[in-house]
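Here, each number is a calculation from the coordinates, and none is a lab measurement. What you see is a predicted model, and the numbers here were worked out from it, not measured in a lab. Virtual Cβ from ideal backbone geometry, glycine too; neighbours counted across all protein chains shown.
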Amino acid sequence: MSDSIRLVPAPLEIDFAPADSSSDAYEREYQRLSETDEDPIGQWLKIAKARGETKETDPVLLHLIVELHRKVDQLTQIVKNEEPERLELPYRGEIEAIGFEHFRLKTPQLTPKMRYYGRITMPLFPKRDVGVWFEAVDECLARIDRMHEGDVKEWNSYVTARERVMIREMKGKSS
């Protein structure tokens, strides 16, 4: 790791808790938040693509139909008053900046060198919670230890998108 950590502004929220005796429960939730358990229609689609069953299907149309299916599932959960099982995490923080391996909280809430489990609500399509294990570098800065592979790709894409927004804003100010 280099001494300089590049972060870009990003308005995200995180619920988190120190890793302690409840770490087994946190690990179970982390595993449930993976794409496999959280998104059965997405897994079905991956399997169908791997078998070649989607070759002659318009990818945009297929993606929209899958998203409609997810929305119907979401509405069904609301009507049945079913909420996804989430652990109660004692702390909530606002993330002010992110990088590929780090994020910074707006206010000091972390204990340096302590390990934490957290859930970050990602403003992507579809919107969802991402499980993350991280270690506090200082009271505001955290280094991400673990994130599911698919979540890492989405996180990195989001960091890149935020960097582009920042560059466009800087260009706009200099004109």
Among the listed pairs LYS71/LYS106; LYS106/LYS171; LYS55/LYS127; LYS127/LYS153, give every one whose C-alpha distance is greater than 23 Å. LYS71/LYS106; LYS106/LYS171; LYS55/LYS127
Amide H of ALA97: which non-local residues (sequence gap of 5 or more, or other chain) have their own amide H closer than 5 Å, using H built in the peptide plane? ALA10, ARG104
Using the number of other C-beta atoms within 10 angstrom as an exposure proxy, rank SER21, SER157, SER34 with the fewest first. SER21, SER157, SER34
So what's the back-of-envelope 222 nm ellipticity for the chain, counting only DSSP H runs of four-plus at -39500 (n - 2.57) apiece and dividing by all residues, rounded to 500? -13500 deg cm²/dmol
How would you rank GLU82, GLU94, going from fewest to most other Cβ atoms within 10 Å of each one's own Cβ? GLU82, GLU94
What does the charge dipole of the chain about its Cα centre add up to, to the nearest 20 debye, if the Cβ of each Lys and Arg holds +1 and the Cβ of each Asp and Glu holds -1? 700 debye
Which of MET170, MET122, MET147 has the fewest other C-beta atoms within 10 Å, and how do the rest follow up to the most? MET170, MET122, MET147
Selection from PRO59, LEU12, GLY42 lying farthest towards where the dipole of the stretch 1-144 points positive, charges on Cβ: PRO59
Using r as the Cβ-Cβ distance of ALA50 and GLU139, and R0 as 35 Å, what FRET efficiency do you calculate, to the nearest 0.05? 0.15
The chain, convex hull of Cα, quarter of hull surface, nm² -> 13.6 nm²
Quick shape check on the stretch 29-131: root eigenvalues a ≥ b ≥ c of the Cα gyration tensor, a/c under 1.5 is rounded, otherwise prolate if a/b tops b/c, else oblate, and it reads prolate
